[in-house]
Amino acid sequence: MLAAAAALALLAAGGPVLAADNQPAGKPAAGGTLTVGLASDTAIIDPSITGNSITALITRNLVDSLVGQAEDNRFTPWLAERWEVNADNTVYTFHLRRGVTFSDGTSVDAEAVKFNFDRILDPKTTSSYAKSLLGPVDSITARDPATLVIAYKQSFAPLLQGLSLPYLGIQSPTYLRNAKSTTNTVVGSGPFLLESFTKGSGSRLTKRGDYNWGPGYAAHQGPAHLDALVFRYLPESSVRLGALSSGQAQAIDEVPPANFRTVQADSRLQVVTRENPGVNRALFLNTSRGPFADVRVRQAFQSAVDAPSAVKAAFFGSLKAADNILGPSTLYYDPKIAAGWGFDPQKAAKLLDEAGWSTRDAEGIRAKGGERLTVRFVYDAAAWGASDLTLAQAIQFSVKKAGFDLQLDPVDAGGYTARTGANDYDLTSLYYVRAEPDILRTVFHSGYIPPNGANYARAKSLDDILTKAIGAAGDERQRLYGQAQAEIIGQAYAVPLYVAAYQLGASRKLQGISWATNAKPNFYDAWLAP
């Protein structure tokens, strides 16, 4: 743990557009270093082989995408200056900008893009999340240096949105071929270069002086305004807040909920909150083993979780309790789902009785055939902040009233991957940020059961719906995703907890931040007022 004084010297964070209308005030100033303090860490910096949101935040500054997506959800040119999509969404043809180079001097051309996508699709790369964004690709063809064609045997509507994310950002094939490991290095064509990355500490990025091919949604073209970006992993909330309050930090993420109103009230500062689209923070119940193999026990657990009270206790009203598996800003979110589930202790008791867990021991824990109703919650401690731990403890208290013995089982990132891959858990938790409802395929299709992906519920009943949905159009696509949401909640594959949000506390000297559709700040247009 960094000492507070040392942390103050190291921390300053990326921030929001500080004007209320999301427009920077005054003429952008060139120069300066913006240090970004992060409450959580990532073990891997290569965006192709992780779904970690911190990796996405950092590497958005290092890798460019084929297309951009503006805050109003328009798709804009980026590495591709234009593209065509056939009528049934099975053939996508991209025409690339000429003259774009990676930071190692090699060209960004169709062969380079093809190499990246072929690498992601290669099972040896273990690119489960990035692979899911590409979908069921039939072929990728570099027709000429400036033309790339991606073809599918079945309609695949979500491709453009997936391509806009940093997980499908383009890296140098020369670097990828020669690197012994890509876990701590990235070579892209973005506006910044990765100078260093150290797990558990942070990273330093420096401006690329010849950058001149930003996304179509950007406020300027040419090099970034900032000279450098520094990201520091500072999990101690008091350290992050102290740095912001002292003026040694321009911004922090995950404003401590207990101090949320205080930061808002400080005239030098402000808090910008962007609710995440995609899969809400939820508990995912392992349907393949243990007590949760019984749908009645899953439904009882779901009914025993008092999520609104737990979220209020953990986040002091700064975040909203979730009422569905998808966040409200996600395409095809169904508000009707909320009426079909919720905290209901009487329902939980009835279901547990029906499932045979009808006796209680001296601690009030239910039992069946001499076995206590114990379930183990395995989670990555480094990705689980103090407020989330408070939330978990509140849930532990809530479900104990119904007779569940919920055991909190924190592990490191490697242990988490090993435990979930070996099916050694009863429940876990995550959230996934994506504006496209196809995110449900990543989280609930059987092809992504660990170790192949993030289907931690190990659900198998949704494959047909989610496969049909990626090729459906209009009302039919909305109907299918509504059906999927209803089944996820009805079968208690998950217990939604809260609508995750990016909360940035920032100095008003930090200007020019725009927001990606994954509710993360973009730093390309950012600048520091004198």
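The values are calculated or read from the model by the stated rules, or taken from the named source; none is laboratory data. For clarity, every value in this text was computed on a predicted model and none was experimentally measured. Methodologically, a virtual Cβ is constructed for each residue, glycine included, from the backbone with ideal geometry; neighbour enumeration extends over all protein chains shown. Heads up: the accessible areas ignore ligands, DNA and RNA and are worked out on the full protein's heavy atoms, side chains in. Shrake-Rupley method; radii C 1.70, N 1.55, O 1.52, S 1.80 Å.
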The condition of being within 21 Å of Ala179 (Cα to Cα) and in a loop (DSSP other than H, G, I, E, B) holds, among Asn61, Asn73, only for Asn61
Residue among Leu168, Leu163, Leu205, Leu159 that is over 30 Å from Arg477 (Cβ atoms) and surrounded by 19 or more Cβ atoms within 10 Å (Cβ to Cβ)
Leu205
Would you call Leu133 among the hydrophobic types (A, V, I, L, M, F, W, C), within 23 Å of Thr517 (Cα to Cα) and touching a strand residue (DSSP E or B) at 6+ places or on another chain (Cβ under 6 Å)?
no
Residue within region 399-411 that is out of contact with any Gly (no Cβ under 6 Å at 6 or more places or on another chain), part of a loop (DSSP other than H, G, I, E, B), among the acidic types (Asp, Glu) and over 29 Å from Ala516 (Cβ atoms) present:
no
Does region 84-98 hold any residues that are farther than 16 Å from Leu66 by Cβ and open to solvent by 50 Å² or more (accessible area, probe 1.4 Å), and which are they?
Asn86, Ala87, Asp88
Tally, over region 508-530, of residues that are buried (at least 23 other Cβ atoms within 10 Å of the Cβ), in contact with a Leu (Cβ under 7 Å, 6 or more places away or on another chain) and either in a strand (DSSP E or B) or at pLDDT 90 or above (or both):
6
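Evaluate region 269-277: report whether one residue or more is farther than 20 Å from Ala501 by Cβ, open to solvent by less than 10 Å² (accessible area, probe 1.4 Å) and touching a residue at least 60 places away in the same chain (Cβ under 8 Å).
Going through region 269-277, the residues farther than 20 Å from Ala501 by Cβ turn out to be none.
Checked region 269-277: no residue is farther than 20 Å from Ala501 by Cβ, open to solvent by less than 10 Å² (accessible area, probe 1.4 Å) and touching a residue at least 60 places away in the same chain (Cβ under 8 Å).
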Hits in region 406-434 (condition: aliphatic (A, V, I, L, M), surrounded by fewer than 22 Cβ atoms within 10 Å (Cβ to Cβ) and free of Cβ contacts under 8 Å to residues at least 40 places away in the same chain):
Leu408, Val411, Ala418, Ala422
I need a count of the residues in region 343-363 that are part of a loop (DSSP other than H, G, I, E, B) and open to solvent by 20 Å² or more (accessible area, probe 1.4 Å).
7
Considering region 134-152, residues that are among the small types (Gly, Ala, Ser) and part of a strand (DSSP E or B), and then whichever is surrounded by the fewest Cβ atoms within 10 Å (Cβ to Cβ), we arrive at Ser139
Matching residues, region 37-83, being acidic (Asp, Glu), open to solvent by 50 Å² or more (accessible area, probe 1.4 Å) and at pLDDT below 95:
Glu71, Asp72
